[in-house]
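Visitor: One structure follows; several queries about it will come next.
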Amino acid sequence: MDRKMRRAVGTSSISIPAETSRRETTSSSLPKYKFHLGACSSSRTPASSRRSAKSCVIVSVVEGRGNARGEVGLASMDALCSELSLSQFIDTASYTRLRIQLQVLDPVEVIVPDTAMDKSKSMTAVVEIIENTFPSAELTFVARQHFSDMRGVQLVQQLSTDESSNITAEVLQKYYCMAAAAALIKYVEHIQNVLFAQSSLKITYEGLSKVCFIDVNTMHSLEIVGPPGHTRASSNRSLYSVLENCLTGGGVRMLRSNLLQPSADVSVINARCDAVDELLSNQPKLERLRAIISGAYEIQHLVTLCCYLEKEADSIRSTEQKLSQVLNLKDTLNLIGPLRKALDSSKSTILKACYESLNDARFEEVRKALNERLSSKATMVEKSSFGVRNRRCYAVRDGQNNMIDLARRAYEEMLADVEEKAKEETANLADAKLVYTAQRGFHYSIGIADPLIELRLPSMFIQVVRHRASISCTTRELIKYNDRIAVAVDEIMVNSNAVVVGLLSQIRASIGYLYSVVEVISTIDFFASLAMYAMKTPTVRPSFSEANALVIRRGRHPLLDIAIDDVIANDCYLSKESRIAIITGPNMAGKTTYLKQVCLLQVLAQIGCFVPAEFAAFPIITRIFSRMGHNDNLTSNLSSFAVEMSEMVPVLANANSSSLIVIDELARSRLRLFDCLLHFRSTRLRRPLNRAISSIN
């Protein structure tokens with residue numbers, strides 16, 4: 001596939017300016033990925049904001065060359081959040097771990113070195129995997145020179161905040177993840193037109209030990225999450241949709257990542273079960289915690305704004321976003337007191353750790369800085385467009401900037417003039433009222449009693465638009481007032497920007513505490529979601545057997561348990577002495593459902609969730625494999641049997657004593673042929689059958 005063809009299928013090649021100094025890396029263009037004002041606007045409720053938030057994860061991938069081929073470095077960052085994740089691992093020939101990690105991250109864009117465009121060079125296989133497995137992700141080629149491990153080490157040391165990062169000297173020696181980090185940071189700064197401040201990013205290295213790997217095919221066949229690019233209807237048929245009761249975007253992301261990569265550390269799992277058990281046994285506490293975090297906004301974006309250095313000029317739109325974010329932060333920090341009080345009597349290790357994280361002296365410092373700069377009048381959530389604009393105009397406290405105060409007085413006077421003018425112009429129209437929308441500004445809406453009767457308006461009314469039950473219009477005088485009001489609002493925004501930039505710079509010193517707040521809210525939301533699931537359906541706390549046995553008594557399929565009232569429960573027993581179970585039965589008896597049920601209950605147990613059963617004991621599993629379905633692959637010119645055999649290859653190559661393997665009717669397409677041959681032999685042939693089979697094979 002040549003370069004022109006790659007562009008046609010959603011890939012691109014980009015040139016990043018040479019790195020003479022970090023301050024010169026930004027461009028004058030608009031950011032590629034933008035904050036969604038709908039997700040953070042004061043016109044939306046906090047609980048609904050996470051439904052509108054869309055992650056924009058960008059992943060940087062680099063593979064070793066020569067003898068190091070197969071060693072992969074990975075760096076990922078949400079373009080709208082300030083958290084950088086790193087990992088490095090030695091992968092198999094089929095890049096199983098890379099597929100899994102990309103599925104967990106669910107990127108919108110993947111960047112690779114531009115040398116991967118040359119088929120004679122390394123990483124050709126990686127590019128093909130990205131294109132085939134994640135066709136919706138944009139593939140971008142970046143100059144190889146930006147994948148510099150030395151520059152990566154410098155950037156990681158400069159940008160990481162020690163309190164929230166886990167970067168050690170050993171991690172800094174991992175060549176490939178440092179190279180991936182260098183390219184990703186440079187690329188994000190370039191496309192977002194930003195510059196990260198020193199000691200501002202949360203940079204974490206995520207080792208792949210003590211986790212349970214689930215390959216991409218197994219994720220889909222077990223219906224753990226919906227398929228890539230899934231619709232809302234298809235996402236309702238997954239384990240994720242059954243458990244998803246989250247109120248914040250952070251809780252949603254934590255739930256999804258844990259489902260796709262469950263823990264394999266028994267101490268971590270038991271600590272999670274303790275947290276769920278405590279919330280389940282104290283339902284008033286659970287309801288109180290959910291009520292508190294339902295008022296929390298997505299402050300990850302605000303933390304990101306704290307990471308950006310001041311630019312020479314910000315647009316009005318950018319200032320509006322920052323004002324909305326700092327107001328949302330102020331409202332969210334007002335919940336910290338009630339949240340600490342609700343967590344004060346916690347007994348589980350995780351919930352006590354959440355309380356300790358919030359009990360920080362920097363909380364008062366941040367809140368004091370916000371109260372000194374921001375007005376208490378702007379904390380109320382107003383859903384109308386006019387209310388949203390007023391909230392931003394009055395966000396900065398009086399006396400902080402004389403130009404803001406003067407512009408506000410002019411703004412207030414013009415609003416009063418508009419009301420007087422509206423009374424004058426609509427004096428003879430009984431059903432006319434003055435309304436405001438973000439698109440048209442102030443205009444008139446005139447109610448229509450009978451849509452069939454044509455209403456004649458005076459000639460001064462222009463831009464008349466007829467709706468089903470009303471007519472909207474304006475006048476030349478009203479248009480002039482709108483223009484003057486817009487100038488006053490812009491003046492307020494421009495001068496408010498200077499105040500907000502200073503506030504963000506002051507808050508940046510406490511950014512480690514803000515990262516803790518984000519993590520605590522996400523953690524509480526995650527465990528509250530698991531507790532809500534356990535409360536709605538009969539479940540039991542899983543235990544983990546030292547005998548390495550899998551014992552389930554009257555277990556139920558999680559998806560069927562929610563959708564069907566009368567679900568048939570099933571038992572399962574596997575141990576060291578009895579490691580294999582063969583399930584037989586007629587068609588439509590539920591054999592496949594039973595196999596999926598066992599795997600899904602294992603996943604639920606290892607994320608720390610209670611499972612739908614009367615009793616459940618599990619071993620710690622590090623790999624889950626499944627071979628289900630029997631479709632052929634015409635694009636690869638493979639028959640059903642060939643597809644089945646190819647899917648069994650990684651199972652045979654990677655399975656070990658801590659793996660859970662489910663195989664559904666292997667070689668199903670050949671079973672009927674084998675039955676026919678047996679019948680033919682018994683009725684027609686007198687000679688041995690082995691020669692006939694070998695000729696067919």
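The values are calculated or read from the model by the stated rules, or taken from the named source; none is laboratory data. In this text, all values refer to a predicted model and were calculated from it rather than measured experimentally. For neighbour counting, all protein chains shown are included, and Cβ atoms are generated from backbone atoms with ideal geometry for every residue, glycine included.
Visitor: Regarding Glu163, is this residue over 21 Å from Lys186 (Cβ atoms), without any contact (Cβ under 8 Å) to a residue 24 or more places away in the chain and in the same structural domain as Glu71 (by TED's automatic domain parsing)?
Guide: In short, no.
Visitor: Could you tell me whether any residue of region 315-334 is free of Cβ contacts under 8 Å to residues at least 12 places away in the same chain, closer than 19 Å to Leu504 by Cβ, more than 26 Å from the chain's Cα centre (by Cα) and not in a helix (DSSP H, G or I)?
Guide: Yes, region 315-334 contains a residue that is free of Cβ contacts under 8 Å to residues at least 12 places away in the same chain, closer than 19 Å to Leu504 by Cβ, more than 26 Å from the chain's Cα centre (by Cα) and not in a helix (DSSP H, G or I).
Visitor: A further question on this structure: I'm checking my understanding of the structure. Among residues of region 109-128 that are crowded, with 19+ Cβ neighbours inside 10 Å and under 25 Å from the mean Cα position of the chain (by Cα), which one is nearest to Ile214 (Cα to Cα)?
Guide: This residue is Val126.
Visitor: Considering only residues of region 576-616 that are assigned to a loop (DSSP other than H, G, I, E, B) and in contact (Cβ under 8 Å) with a residue 24 or more places away in the chain, which is farthest from the chain's Cα centre (by Cα)?
Guide: Ranking the candidates gives Lys576 first.
Visitor: Could you count how many residues in region 351-368 are in contact (Cβ under 8 Å) with a residue 40 or more places away in the chain and either of a type outside the set (A, V, I, L, M, F, W, C) or closer than 17 Å to Tyr515 by Cβ (or both)?
Guide: Within region 351-368, residues that are in contact (Cβ under 8 Å) with a residue 40 or more places away in the chain and either of a type outside the set (A, V, I, L, M, F, W, C) or closer than 17 Å to Tyr515 by Cβ (or both) number 8.
Visitor: Scan region 173-189 and give yes if some residue there is part of a helix (DSSP H, G or I), without any contact (Cβ under 8 Å) to a residue 12 or more places away in the chain and of a type in the set (A, V, I, L, M), otherwise no.
Guide: Looking for residues that are part of a helix (DSSP H, G or I), without any contact (Cβ under 8 Å) to a residue 12 or more places away in the chain and of a type in the set (A, V, I, L, M), one finds none in region 173-189, hence no.
Visitor: Among Ile293, Ile299, Ile269, which is the only one that is hydrophobic (A, V, I, L, M, F, W, C), outside the structural domain of Gln198 (by TED's automatic domain parsing) and touching a Gly at 6+ places or on another chain (Cβ under 7 Å)?
Guide: It is Ile269.
Visitor: Leu280 - would you say it is closer than 27 Å to Ile507 by Cα, out of contact with any Gly (no Cβ under 6 Å at 6 or more places or on another chain) and assigned to a helix (DSSP H, G or I)?
Guide: The answer is no for Leu280.
Visitor: Only one of Ala569, Ala531, Ala589, Ala549 is farther than 20 Å from Ile214 by Cβ and crowded, with 23+ Cβ neighbours inside 10 Å; which?
Guide: Result of the check over Ala569, Ala531, Ala589, Ala549: Ala531.
Visitor: So which residues in region 156-179 are β-branched (Val, Ile, Thr), out of contact with any helix residue (DSSP H, G or I) (no Cβ under 9 Å at 6 or more places or on another chain) and closer than 17 Å to Ser76 by Cα?
Guide: none
Visitor: Can you name every residue in region 500-509 that is touching a helix residue (DSSP H, G or I) at 6+ places or on another chain (Cβ under 7 Å) and surrounded by fewer than 20 Cβ atoms within 10 Å (Cβ to Cβ)?
Guide: Answer for region 500-509, where residues must be touching a helix residue (DSSP H, G or I) at 6+ places or on another chain (Cβ under 7 Å) and surrounded by fewer than 20 Cβ atoms within 10 Å (Cβ to Cβ): just Gln506.
Visitor: Here is a follow-up. Scan (1) surrounded by 14 or more Cβ atoms within 10 Å (Cβ to Cβ); (2) in a helix (DSSP H, G or I); (3) not small (Gly, Ala, Ser) for the single condition Arg409 breaks and write down its number.
Guide: (1)
Visitor: List every residue pair whose Cβ atoms sit under 6 Å apart, with the two residues 6 or more apart in sequence or on different chains, where the first one lies in region 120-147 and is over 14 Å from Ser60 (Cα atoms) and the second, anywhere, is β-branched (Val, Ile, Thr).
Guide: Pairs that qualify, where the first residue is over 14 Å from Ser60 (Cα atoms) and the partner is β-branched (Val, Ile, Thr), are Lys121/Thr115.
Visitor: Determine, yes or no, whether Ala438 is exposed (fewer than 12 other Cβ atoms within 10 Å of the Cβ), within 30 Å of the chain's Cα centre (by Cα) and within 28 Å of Tyr297 (Cβ to Cβ).
Guide: When the stated conditions are applied, Ala438 passes them.
Visitor: So, one more: Just give me the residues in region 47-88 being surrounded by fewer than 19 Cβ atoms within 10 Å (Cβ to Cβ) and at pLDDT 90 or above, in sequence order.
Guide: Glu71
Visitor: Modelled with pLDDT under 85 and not aliphatic (A, V, I, L, M): is that true of His301 in this structure?
Guide: Yes.
Visitor: Does Asp571 satisfy the criteria of being in contact with a Ser or Thr (Cβ under 7 Å, 6 or more places away or on another chain) and within 14 Å of Glu614 (Cα to Cα)?
Guide: When the stated conditions are applied, Asp571 does not pass them.
Visitor: Given the options Ser120, Ser209, Ser136, name the one that is within 27 Å of Leu260 (Cβ to Cβ), out of contact with any Pro (no Cβ under 7 Å at 6 or more places or on another chain), part of a loop (DSSP other than H, G, I, E, B) and modelled with pLDDT under 90.
Guide: Just a single option satisfies the conditions, and that option is Ser209.
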